[in-house]
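Readers should treat all values here as calculations from the given coordinates under stated rules, not as data from a laboratory. Just so it is clear, the structure is predicted and the values come from calculations on it, not from any experiment. All Cβ positions, glycine included, derive from the backbone under ideal geometry; neighbour counts span all protein chains shown.
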């Protein structure tokens, strides 16, 4: 198992007391992986420290505001590729079939394209295979990192690390297209409603191509995470 991808999957999951108890081991895994630069490992420390010692209810609320209420920070990858188009449903069906072909029937309340689920699977695959999959999502990781850095969130370091593990430079046109979308503020309810009322949001290099990048990115998948049910102020 790739323990770093497993660790990154866990710290991107909904915070729980069990996660807090596991943070010393997660800290050690991330600090020892030389595939990440020393700067990348240092950048992860503030998030590790927050998840270790901050009040669990504050962590839950922060997570919900960032990743559940903010569409532009969604951890569901197809949200950034298909928006609300019909292609998203077809891609989701293909993804579930891919899980089953790998002998896995996801046991999770999250959608199949949830990033922690993807990372959990990739942690079980040869790194070269995992790296190819991460590379297909590089533009998503860079855009999410930029948005989180703008909000001064320590979660940005996770996406910077994923981009580094991908071993490629993100397509800057695709990144720019994502960042051109209005950044919804989860504390501004009027602006948030306006974003969610948009009929379709399309990201990626070619929104008319039926998202071949996403299908290629998720052509190799398997294992689940089992996040706790949401109970922060949603």
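Please state the shape class of segment 124-183: rounded when a/c is under 1.5, otherwise prolate if a/b exceeds b/c and oblate if not, all from the C-alpha gyration tensor.
Because a/c hits 1.5 or more and a/b fails to exceed b/c, segment 124-183 counts as oblate.
What is the packing order of peptides 124-135, 158-169, taking the mean over residues of other C-beta atoms within 10 Å and listing the highest first?
Values: 124-135: 16.8, 158-169: 20.2.
Final packing ranking: 158-169, 124-135.
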